[in-house]
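Here is the structure we will look at.
The values are calculated or read from the model by the stated rules, or taken from the named source; none is laboratory data. Predicted, not measured: the structure shown is a model, and the values here were computed from it. Backbone-built Cβ (ideal geometry, glycine too); neighbour counts: all protein chains shown.
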Amino acid sequence: MSMGFIFGPVPSRRLGLSLGINVIPFKTCSFNCVYCEVGKTTDLIIERKSFFDIGAIKDEFVKTVERVGKIDFVTFSGSGEPTLNSDLGKLIEFVKSFKKYKVAILTNSSLMYRDDVKDELIMCDVVVPSLDSALESSFKKINMPYKDLKIEKIIEGLTDFSNRFQGEIWLEILFVKGINDTKEDLDALCNAIKLIKPTRVQIGTVDRPPAYTTAKKIDNKEMMDIYTYMSSKIGVVDIIGSFNKENDAFYEDVERSIIKMINIRPCSKDELKETFNVDDKKIDDILTKLFDESKAYIQNFEGKTFIVGNRASASR
């Protein structure tokens, strides 16, 4: 029986069709970000641990790739910080042994000061680290990190990793109104980016229900001002937008796939319909069933309606 470590493949606006591997227990993280779409951190740690039976993850991966079609990336991510899993290097090595999958990882960058983490991530093709602030005061407000973490140390770790890494680094910055959007914040971020020298810089703002209601979205005009200012300082910056997927077929059961997806992040009905290539009646039937069984519920944010999984039942 599936343990639910693997989800997708799902369309990613950055990675194409991505098969996700969740290697961390629900909301085990080194940050408690105000904007987190997965919810508030329940286990705030920086100690790396072996959380799961690595054999079970490998078995589920093999069974999944045997029945799915095209995959652009295998992506380590999930409902917490993946670098906290001390088996991460072994799992990356395992996926790379197939010699046909590109590997990516989404990380909050918090452990990039550690040599063991850098050595493991070197094996990836793409690393997508977050850096929401380069100022200690803003860093504490937006990411609410484990008490021993300092932003200067994280930036030094990212810079060292970038100097060694042969793949691509797509640095992601998420702006929250009134927290990390001042000129001082932007200048500090631009200076850090010049040190890190990522392949791409991607900026965005709150667009899903956040962990804390204090996390407010930056409007389009302000985002364009940030984009223009940062572009003038560091060159090309990407604003993260919607993913336009092709009509790809998914071979995993749609209902189970939707449950996995909404337990990872809130999704709109249209997003689910497009992702799984189903019509209005099919998606309505599935969602009605999930609502009746208390496996999903509705959450409204910024005038938009999202479908959210029953996260308590998703916790291992």
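Miscellaneous remarks
- Residue match in the stretch 98-105 (condition: touching a residue at least 24 places away in the same chain (Cβ under 8 Å), closer than 21 Å to residue 149 by Cα and crowded, with 16+ Cβ neighbours inside 10 Å): yes
- Only a single item in (1) within 27 Å of residue 202 (Cα to Cα); (2) more than 14 Å from the chain's Cα centre (by Cα) is not met by residue 10, and it is number (2).
- Residue 12 vs. criteria polar (S, T, N, Q) and over 27 Å from residue 217 (Cα atoms): no
- Of all residues in the stretch 108-125, those that are at positive phi have Cβ atoms under 9 Å from Cβ atoms of residues that are crowded, with 24+ Cβ neighbours inside 10 Å and in a loop (DSSP other than H, G, I, E, B), 6 or more apart or on another chain, in 109/131.
- The selection criterion, being crowded, with 17+ Cβ neighbours inside 10 Å, among the polar types (S, T, N, Q) and more than 11 Å from residue 6 (Cβ to Cβ), holds for residue 79.
- Residue list for the stretch 35-49, filter: over 14 Å from residue 146 (Cβ atoms) and hydroxyl-bearing (Ser, Thr, Tyr): 35
- Only one of 34, 62, 38 that is farther than 21 Å from residue 122 by Cβ, modelled with pLDDT under 95, surrounded by 14 or more Cβ atoms within 10 Å (Cβ to Cβ) and among the aliphatic types (A, V, I, L, M): 38
- Test for residue 19: is it of a type outside the set (Gly, Ala, Ser), in contact (Cβ under 8 Å) with a residue 24 or more places away in the chain and surrounded by fewer than 21 Cβ atoms within 10 Å (Cβ to Cβ): no
- Breaking point among (1) farther than 20 Å from residue 36 by Cα; (2) in contact (Cβ under 8 Å) with a residue 24 or more places away in the chain, for residue 152: (2)
- Options 232, 268, 242, 257: the member that is over 30 Å from residue 289 (Cα atoms), at pLDDT below 90 and not charged (D, E, K, R): 232
- Among the residues listed as 164, 200, the single one being in contact (Cβ under 8 Å) with a residue 40 or more places away in the chain and either among the small types (Gly, Ala, Ser) or at negative phi (or both): 164
- Within the stretch 112-128, being buried (at least 22 other Cβ atoms within 10 Å of the Cβ) and out of contact with any Gly (no Cβ under 7 Å at 6 or more places or on another chain) holds for 117, 121, 128.
- The one condition in (1) crowded, with 20+ Cβ neighbours inside 10 Å; (2) in a helix (DSSP H, G or I); (3) of a type in the set (Gly, Ala, Ser) that residue 56 fails to fulfil: (1)
- Scanning the stretch 201-211 for residues that are of a type outside the set (S, T, N, Q) and either under 18 Å from residue 229 (Cβ atoms) or exposed (fewer than 15 other Cβ atoms within 10 Å of the Cβ) (or both) gives 201, 203, 204.
- Complete set of residues in the stretch 203-238 that are among the polar types (S, T, N, Q) and free of Cβ contacts under 8 Å to residues at least 24 places away in the same chain: 213, 220, 228, 231, 232
- Residues within the stretch 201-228 that are basic (Lys, Arg) and either outside any loop (DSSP other than H, G, I, E, B) or not assigned by TED's automatic domain parsing to the domain that holds residue 41 (or both), tallied: 1
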